[in-house]
Amino acid sequence: MNDRSEIPSQQENGEIISETLKTKFRQTVSLSPFYDNGPVAQWENYIYLAEDTHVNMIDLETGALVRTFEVNTLITTLTAFKEVSKPKKGTIRDTGSVILVVASVDSSVTIFNVDTGETIKKRKLHSQPVLSLSFHPTGAFLATSSADCSILVWDITDLQLTHSFKNHTEIVSLVRFHPDPSKFILVSCSNDRTVRVFDLLERKCIHLFEGFQSPVVSLEFHQTKGGSIISTASNDGTISQWSLSTGKLLRTQPFGHAIEAIMGYTPDPPADVVCSNPFLFCGTPDGVFLLHTSDLKLTPQQYSASVLHLLPLNLDRTTGQFESLLVVTDDQTLIQLDPDTLAPRSFRSANIGEVISAKFIQSNPHFIPPSLLSALNLTHPFTPSSSLSVAVASNCNELRLFSLSTQHFTPLFGHSNFVMSVDVSKDGNWILTASKDKTVRLWGRTWRRMSEEEERLSSFDSARWNRWQCIAIGKGHAQSVLSCSFSKKLFKFSVKAKVPVLSKKGKAKSGKKEEVEVPFLVPQFAISGSEDRTIKKWDVFAAIRRALQKQVKAFVNDHFDGPSPQNEAKNEDDGEEEQNAEENEMVCLSTIVAHTKDVNVCAVSPNDAIVATGSQDKDIKLWSFSSTQTSVFSVSTTSSFFAPISTLKGHRRGIWALSFSHIDRLLASASGDSTIRVWNLADYSCLRVLEGHSGAVLNVAFLPPPVVEEKGGSEVCRELVSSGGDGTVRVWSVGTGECLSTFDETHDDRIWSLDTIQVESERDEDEGDELTEQRVKSQLKIVSGAADGTIKLFDDVTAAFRMDQIRAKEENMQQQQMLQNAINQGKLDYAFNLSVELGQPKKLYDSIDAILKTSDGQPRLLSLTAALQPPALSLCLRWVSEWNTNTHYSSIAQFFLSTILNCFPPSVLVTIPSAKVAIQSLIPYTERHYQRINRMMTEAQIYPVVAEKMKFGYSSPINLDLDDEED
């Protein structure tokens with residue numbers, strides 16, 4: 001069934017429809033893993049993350065991967081530094097740039113120039129792997145510690161050994177120089193449960209700290225009026241402080257948490273004190289804590305995260321101050337915290353994990369209704385972001401909202417188990433999530449007024465304040481919820497708000513208020529499917545209405561009643577109610593046991609009339625909604641329930657994805673049997689079976705129609721995009737069933753997530769498509785997420801590709817005409833070179849033929865051939881071999897080949913990769929041509945003798961021995 005007229009369409013107004021196939025896509029964004037819990041280093045606003053055998057340099061402002069440094073062996077530790085003193089010319093530091101030092105398990109240390117990425121030097125410094133590196137504050141010395149129990153100090157200018165200490169009895173896991181450039185003090189920590197202090201000037205160990213119950217994992221220096229102090233943190237959760245001058249233990253404080261790292265902090269340092277560090281950050285698997293250095297007592301500030309590393313961003317090494325605290329967690333997340341409050345500023349994922357579900361968030365710069373802002377004489381309090389966002393569910397408990405331009409994300413916490421599915425409303429204001437914790441959560445944008453502290457933090461990363469909150473929870477499923485879907489149509493309703501009457505100057509008149517209606521468009525219901533084989537319909541509209549009524553009231557109070565204690569307390573109560581979403585449970589309108597196995601997917605049709613569900617039982621079921629009225633004690637209630645429409649059978653394995661067409665009465669299904677089926681919803685028959693994936697098809701979606709302006713009609717797009725376990729993304733034509741495109745740059749593992757969106761095009765309004773006379777006002781984008789931890793964005797470039805083809809064709813026609821004109825006008829040298837440049841073998845043949853017919857043809861051809869460069873020469877040899885296969889062109893081919901062999905010696909020809917193949921293909925045809933010529937010469941000698949005999953009428957046999965002389 002290949003006739004497109006058989007596709008049932010919803011276009012009933014008789015308008016002209018033009019179908020434009022999308023066949024070319026280009027990858028524009030790729031979010032890939034770049035860290036696997038290895039060692040890290042930091043300098044200024046760049047972080048260096050070790051991943052197996054290479055180091056990734058990341059710009060923390062843009063999130064971009066700047067450079068990769070390869071060392072070919074597993075990395076044990078690394079550090080970065082930029083000298084502060086002038087080095088000698090010709091040494092490692094003579095460029096004045098940042099250098100990166102990387103140690104590997106093969107005991108070698110590699111030094112890189114960060115600016116150029118070049119390897120400056122690589123050398124083996126220890127007999128066993130290097131475990132720690134530390135630069136002296138002047139940049140003159142590099143200290144290394146190793147599993148061979150030794151500590152070595154090197155002159156960084158030429159990597160000459162200056163000091164060697166072998167006092168420890170077990171591996172030395174950490175070395176640190178004192179941060180004061182005037183002091184040459186080195187501190188080491190070992191698995192022998194000791195800490196040693198070395199004086200490089202005296203070349204000996206001056207202090208030994210003992211008594212630790214477990215090895216020391218981190219240390220920090222502090223400067224007080226009484227002298228320098230060293231804080232040490234052990235694996236057993238104990239923090240100790242030691243006097244650097246006397247070597248005595250000052251205090252020990254059990255912390256109660258396993259400690260990964262400690263780091264000093266100076267909020268307001270005295271001008272005459274270096275690195276006073278009155279506070280101490282402590283990173284643990286339970287979070288980041290802030291302690292007072294003086295007594296090791298906890299402050300109220302803390303942040304919950306499983307910490308691996310703590311790093312200062314933009315550290316002032318003279319005062320100890322830094323702008324942000326960078327936390328590296330065990331789930332490969334980079335979190336920037338405000339050092340004073342430990343409030344999060346930004347989140348960056350270094351390894352997203354297996355992407356289970358991903359959906360575009362439609363950009364909505366006016367999610368606060370303009371009518372409300374107009375009534376309050378306000379402008380939009382948030383700067384609209386043009387960045388495209390994606391809601392991502394991976395193998396973690398939170399939902400992550402990624403900005404594809406900065407690659408930062410906003411986490412939404414609430415679920416207690418993995419999020420399995422996510423859906424976003426048509427207007428981008430509401431998000432629905434389904435989780436293994438057996439619940440469905442509804443999230444909405446929040447637009448309450450920012451506090452002063454939030455405004456201060458928002459200047460660091462304004463994208464973070466596109467904030468969301470959980471407004472309702474749906475409970476009732478007995479097992480994990482695997483899928484969820486919003487209704488597609490948006491229902492209009494209004495919230496009444498009393499706002500102050502404004503004067504002409506825009507100020508509120510005291511005591512005077514007026515009632516305004518604030519309109520909203522919201523979805524009406526949502527569907528969820530579970531492992532318990534049931535599907536549920538949720539009353540989303542009621543939950544959103546309650547949330548919007550509170551938000552409108554709070555918004556008006558914030559802007560006109562002022563930050564009074566009553567309003568602040570009221571807003572705090574509202575915030576607690578927002579956070580305690582248990583009080584805002586979504587009402588379940590209907591439940592039905594839909595399948596005999598897990599319900600993997602559910603989808604709602606564009607007109608909300610049909611719900612489709614797919615299961616591991618291989619069936620697709622279609623449902624509609626029916627309602628009944630019941631009366632109990634004179635109270636009338638209306639109940640809604642699922643009514644079965646049809647069951648679609650045909651797949652041989654479980655159903656993984658379903659998608660309704662935006663314009664036709666079609667349903668597409670993706671199955672584990674490696675096929676996609678397109679179903680006709682008019683008679684519930686199968687229209688197409690699309691085959692091409694080599695593994696299970698895990699997701700499928702109809703491409704949305706573009707927004708266009710066209711005389712006399714509109715453009716539609718009858719195409720599907722699919723992803724599978726084979727790691728490919730394919731685009732299909734629904735009309736013909738053929739695969740139109742397979743994306744070149746896809747994933748290395750199964751692709752679970754797929755979504756499409758039409759975004760506003762950046763094309764000039766006056767720029768139109770010359771082929772269709774349309775002005776496309778949107779651009780198609782496709783996002784995919786896979787088990788390899790990558791998210792990729794693809795842009796539709798079909799129109800640009802078609803225009804490039806047209807321009808290339810026009811340019812080629814012009815060049816062809818120029819070439820023909822050159823031949824006609826006798827500009828044979830120019831025609832020869834232009835033919836080679838354009839890759840035109842026929843024109844080159846004509847040029848050579850014309851040159852040889854001139855009086856000085858042979859020398860001209862010789863000079864032109866001698867000027868050929870190797871790429872052009874390789875091309876000419878290939879053409880000669882092709883000409884030589886045809887008797888008609890062989891004479892010119894042989895002459896041109898002879899000219900090439902005369903111009904270029906064999907030593908030059910053997911360097912051309914294709915010369916050997918071309919010459920080998922020339923040999924058999926050349927031999928055949930010579931045999932043909934010999935036969936022709938023989939026949940040419942026979943014909944005169946035969947003609948002579950026939951002339952005189954000889955009847956005797958003709959002697960054909962041409963070697964005998966004539967009588």
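Which of the residues that make up segment 746-774 are of a type in the set (G, A, S) and either modelled with pLDDT of 70 or more or open to solvent by 30 Å² or more (accessible area, probe 1.4 Å) (or both)?
Listed by number, the residues that qualify are S753, G768.
Can you tell me which condition I120 does not meet? The list is (1) surrounded by fewer than 22 Cβ atoms within 10 Å (Cβ to Cβ); (2) over 34 Å from the mean Cα position of the chain (by Cα); (3) touching a residue at least 24 places away in the same chain (Cβ under 8 Å), and all the others hold.
Single failed check for I120: (2).
Going by what's in this entry, would G247 be described as in a loop (DSSP other than H, G, I, E, B) and open to solvent by less than 20 Å² (accessible area, probe 1.4 Å)?
Criteria met by G247.
Go through segment 376-418 and give me each residue that's at pLDDT below 90, open to solvent by 60 Å² or more (accessible area, probe 1.4 Å) and under 22 Å from R345 (Cα atoms).
Hits for segment 376-418 are P381, T383, P384, S385, S386, S405.
For segment 384-432, enumerate the residues that are over 19 Å from C484 (Cβ atoms) and assigned to a loop (DSSP other than H, G, I, E, B).
Within segment 384-432, P384, S385, S386, S387, L388, L404, S405, T406, Q407 qualify.
For segment 419-428, enumerate the residues that are open to solvent by 20 Å² or more (accessible area, probe 1.4 Å), of a type outside the set (D, E) and over 21 Å from the mean Cα position of the chain (by Cα).
K426
So in segment 433-447, with the set limited to residues that are among the basic types (K, R) and in a strand (DSSP E or B), which one is surrounded by the fewest Cβ atoms within 10 Å (Cβ to Cβ)?
So, considering only residues that are among the basic types (K, R) and in a strand (DSSP E or B), the one surrounded by the fewest Cβ atoms within 10 Å (Cβ to Cβ) is R445.
Looking only at segment 889-921, which residues are surrounded by fewer than 16 Cβ atoms within 10 Å (Cβ to Cβ) and either free of Cβ contacts under 8 Å to residues at least 24 places away in the same chain or not in a loop (DSSP other than H, G, I, E, B) (or both)?
Result: S891, S898, L901, N902, P905, P906, S907, V908, V910, K916, V917, Q920.
Identify all residues within segment 864-888 that are within 54 Å of the chain's Cα centre (by Cα), open to solvent by 50 Å² or more (accessible area, probe 1.4 Å) and more than 20 Å from S914 (Cα to Cα); write none if there are none.
Result: N886, single match.
Restricting to segment 14-41, and then to whatever is surrounded by fewer than 17 Cβ atoms within 10 Å (Cβ to Cβ) and not in a loop (DSSP other than H, G, I, E, B), can you tell me which residue is modelled with the lowest pLDDT?
Among residues in segment 14-41 that are surrounded by fewer than 17 Cβ atoms within 10 Å (Cβ to Cβ) and not in a loop (DSSP other than H, G, I, E, B), the one modelled with the lowest pLDDT is I16.
Picking from D437, D427, D461, which residue would you name as being among the acidic types (D, E), at pLDDT 85 or above and in contact with a His (Cβ under 8 Å, 6 or more places away or on another chain)?
D437
Would you confirm whether or not segment 591-605 contains a residue that is among the small types (G, A, S), at pLDDT 95 or above and assigned to a strand (DSSP E or B)?
Yes, segment 591-605 contains at least one residue that is among the small types (G, A, S), at pLDDT 95 or above and assigned to a strand (DSSP E or B).
Does F141 satisfy the criteria of being in contact (Cβ under 8 Å) with a residue 12 or more places away in the chain and surrounded by fewer than 22 Cβ atoms within 10 Å (Cβ to Cβ)?
Considered against the rule, which asks whether it is in contact (Cβ under 8 Å) with a residue 12 or more places away in the chain and surrounded by fewer than 22 Cβ atoms within 10 Å (Cβ to Cβ), F141 comes out as yes.
Counting just the residues of segment 505-533 that are part of a loop (DSSP other than H, G, I, E, B) and at pLDDT 80 or above, which one comes out most open to solvent (accessible area, probe 1.4 Å)? Show your work before the answer.
Our first condition is that a residue be part of a loop (DSSP other than H, G, I, E, B); within segment 505-533, this holds for 505-507, 524, 531-533.
Subset that is at pLDDT 80 or above: 524, 531-533.
Values: Q524: 78, E531: 58, D532: 24, R533: 107 Å².
Among residues in segment 505-533 that are part of a loop (DSSP other than H, G, I, E, B) and at pLDDT 80 or above, the one most open to solvent (accessible area, probe 1.4 Å) is R533.
I'd like to verify a number: residues in segment 250-268 that are under 38 Å from the mean Cα position of the chain (by Cα) and assigned to a loop (DSSP other than H, G, I, E, B), how many? Spell out how you get there, then give the answer.
Applying the first criterion (under 38 Å from the mean Cα position of the chain (by Cα)) to segment 250-268 yields 257-267.
Within this subset, residues satisfying the condition of being assigned to a loop (DSSP other than H, G, I, E, B) are 257-260, 266-267.
Looking only at that region, the number is 6.
Looking at L174, L219, L208, L186, can you tell me which residue is assigned to a strand (DSSP E or B), surrounded by fewer than 17 Cβ atoms within 10 Å (Cβ to Cβ) and in contact (Cβ under 8 Å) with a residue 24 or more places away in the chain?
L208
In segment 42-71, how many are surrounded by fewer than 18 Cβ atoms within 10 Å (Cβ to Cβ) and of a type in the set (A, V, I, L, M, F, W, C)?
3
Could you grab the pairs with beta carbons closer than 8 Å, sequence gap of 6+ or different chains, first residue in segment 494-505 and under 27 Å from V522 (Cα atoms) and polar (S, T, N, Q), second one modelled with pLDDT of 65 or more and open to solvent by 100 Å² or more (accessible area, probe 1.4 Å)?
Pairs found: S494/E517.
Rundown of residues vs (1) over 24 Å from L852 (Cβ atoms); (2) charged (D, E, K, R); (3) modelled with pLDDT under 85, yes/no style:
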position	(1), (2), (3)
Y889	no, no, yes
F896	no, no, no
I900	no, no, no
V910	yes, no, yes
K951	yes, yes, yes
S955	yes, no, yes
D964	yes, yes, yes
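Looking at segment 297-318, which of its residues are assigned to a loop (DSSP other than H, G, I, E, B) and not acidic (D, E)?
K297, S304, A305, S306, N314, L315, R317, T318
E354 is checked against (1) touching a Pro at 6+ places or on another chain (Cβ under 8 Å); (2) closer than 25 Å to S405 by Cα; (3) of a type outside the set (F, W, Y) and fails just one. What number does that condition carry?
(1)
Being without any contact (Cβ under 8 Å) to a residue 60 or more places away in the chain and open to solvent by less than 10 Å² (accessible area, probe 1.4 Å) is the filter here; which residues of segment 731-745 pass it?
W732
The values are calculated or read from the model by the stated rules, or taken from the named source; none is laboratory data. This one's a predicted model, so the numbers in the text were calculated from it and none came from an experiment. Glycine also receives a Cβ, built like all others from the backbone with ideal geometry; neighbour counts cover every protein chain displayed. The accessibility values were calculated without ligands, DNA or RNA, using every heavy atom of the protein model including side chains. Shrake-Rupley method; radii C 1.70, N 1.55, O 1.52, S 1.80 Å.
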